[in-house]
Amino acid sequence: MDDCIFCDILAGQAEASFVAGDERVVAFADILPIGEGHTLVIPRRHAIGLHDLDPEDGAAMFRLGQRIAAAQRRLGLAEGVNLFLADGVVAGQEVFHAHLHVLPRQDGDALTLSVDYAPAPSRDALDTTAARLRDALEHTGG
Ligand code: 5GP
Ligand code: ZN
């Protein structure tokens, strides 16, 4: 894919500090880490986001992310871990080659995830939304 920094990394045309890889996915250090060990896992096959990501590549991304999280903990780089994938601009995506962040978390680190919650919805509202999603899943073969 033209103009994709992660495809350039995969092609050896841009630098990266590699952590692991297999036939489907590659992991390397984030260039601007939230903490030591912050790693990105990407599919070898270019996909922009969840809509065009091969589900088997997605499964491989999660599998490798889980192993990297365990390694971060073993090394003492993480007391906890967030797995994070930004799908779309509004979700914070800045690089449009799908990637899973494996975020090593330490007490008092620089990352904050904050939510300004609306009042909790009623059970009826939750049921209605769940039914809409069930229906949508049925009609997409999901
Ligand atoms: P996003 O906001 O799209 O989920 O995150 C993109 C991530 O890619 C950021 O954390 C950013 O630091 C990282 N990144 C951007 N360009 C490069 C690069 O050229 N090399 C590496 N290793 N990471 C990059
Ligand atoms: Zn790409």
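Note the full-extension length gain between residue 31 and residue 114 as 0.36 nm times their separation in residues minus their Cα-Cα distance, in nm to one decimal.
Numbers: separation 83, 0.36 × 83 = 29.88 nm, distance 2.38 nm.
My answer for the length gained is 27.5 nm.
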* **Selection from 32, 1, 131, by position along the positive dipole direction of the chain (Cβ)** => 131
* Asked: When all C-alpha to C-alpha distances in the range 1-119 are sorted into bins of 10 Å, what percent of pairs does each bin hold, rounded to whole numbers?
  -> 13, 45, 33, 9, 1
* **Inter-site label distance for residue 107 and residue 140 at 7 Å from Cα along Cβ, in nm** => 4.1 nm
* Using label points projected 7 Å from each Cα along Cα→Cβ, tell me how many nm separate residue 2 and residue 74, to one decimal. => 4.4 nm
* Arrange the peptides 97-107, 25-35 so that the one whose residues have, on average, the most other Cβ atoms within 10 Å appears first. => 97-107, 25-35
* Structure fact -> From the Cα centre of the range 118-142 to that of the range 24-53, the distance in Å is 30 Å
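Based on DSSP H runs of at least 4 residues, each adding -39500 (n - 2.57), what is the mean residue ellipticity at 222 nm of the chain after dividing by all its residues, to the nearest 500 deg cm²/dmol? Each step should come with its number before you reach the end.
Working: 3 runs with 42 residues, N = 142.
So the helix-based figure for the chain works out to -9500 deg cm²/dmol.
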* Cα long-axis angle, helix 55-74 against the chain (0 to 90 degrees, to the nearest 10) -> 70 degrees
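Counting other Cβ atoms within 10 Å of each Cβ, which chymotrypsin sites (Phe, Trp or Tyr not before Pro) in the range 36-142 have at most 10 and sit in a DSSP loop? Walk me through the numbers before you get to the answer.
Details: sites: 62, 84, 96, 117; in loops: 96, 117.
Taking the range 36-142 and a limit of 10 other Cβ atoms within 10 Å, the loop chymotrypsin sites (Phe, Trp or Tyr not before Pro) found are 117.
All of the numbers you see were taken from the coordinates with simple rules; none came from a lab. Only a predicted model underlies this, so the values are computations on that prediction, with no experimental measurement involved. Glycine gets a Cβ as well: all are built from the backbone with ideal geometry, and neighbour counts include every protein chain shown.
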